[in-house]
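Written below as structure tokens is the structure these notes are about.
The values are calculated or read from the model by the stated rules, or taken from the named source; none is laboratory data. For clarity, every value in this text was computed on a predicted model and none was experimentally measured. FYI the Cβ positions are ideal-geometry reconstructions off the backbone, even for glycines, and counts take in every protein chain you see.
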Amino acid sequence: MKPKKIVFFFDGFNFYHSLKEKKEYWDFLWLDYQRLAELFTPKTNILSEVVWFTAYATWKPQSERRHKDYARALMTRGVTIILGKFKTRDKFCKLCHRKFIGHEEKQTDVNIAVNLLVWAREDRFDEIVLCTADSDLLPAIKALKKDYPHKTLTLLFPINRRSYELESFADKIMHVKEMHLRASQFPDEIKLPDGSIIHRPSNWHTPVIDFFFYFLLAFAPSP
């Protein structure tokens, strides 16, 4: 049987917030998405491309700089970065009764939806693994299943998240667990092609890597 070309689309903010929700998961923010995709790719198939969708918080320079460093780290692993933008929006504080300017990330789900259908049309994958629990992607998923029924749609849910709406249209469902996160961490220092070094942010705690998880995943059955 011919190997399948598999592409992973990671919803960066969906994954990020799944880790930020619990303090014990902060150790895993320094996540190597390429490695994570490899763990969920059967050895009989081809991991064609890993794509990470995100946007930079340009109004917070320190956060933006840390975010860009992380993106550079992912690019050393061959991950494709597709950027959206934050939009400003007037908000109202019910406590102080004043208006203030807020920021909302609005383009990630649109970018995922557009690229999902474009890549299907261009025949860039046999199986797409959507790594999100965002039900806003339901219309795009329905369109994919209608127009490209021969394409396999797999959902990979972030830890402790799922969407029953999305599940009803998926061919396969997988879940990220702590052992996958533990086995997919970047080293504390990453050397770039230009010789510069990227360091794990100090507030992204360094986990104690348990090599038992590497052994377990290396010999586990294909997902």
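Can you tell me which residue within the stretch 125-134, out of those that are charged (D, E, K, R) and under 19 Å from the mean Cα position of the chain (by Cα), is nearest to T154 (Cα to Cα)? Only one residue tops the list, namely E127. If you go through the stretch 1-13 and keep only what is part of a strand (DSSP E or B) and not basic (K, R), you end up with I6, V7, F8, F9, F10, D11. Among the residues making up the stretch 175-195, those that are crowded, with 16+ Cβ neighbours inside 10 Å and either hydrophobic (A, V, I, L, M, F, W, C) or in contact with a Pro (Cβ under 7 Å, 6 or more places away or on another chain) (or both) are V176, M179, L181, R182, A183, Q185, F186, I190.
Of the helices (runs of 4 or more DSSP H) lying entirely inside the stretch 138-210, those containing at least 2 residues that are modelled with pLDDT of 95 or more, under 22 Å from R121 (Cα atoms) and in contact with a helix residue (DSSP H, G or I) (Cβ under 6 Å, 6 or more places away or on another chain) span 138-147.
The stretch 14-125 holds strands (runs of 3 or more DSSP E) entirely within its bounds, and those carrying 2 or more residues that are modelled with pLDDT of 95 or more map to 46-54, 80-83.
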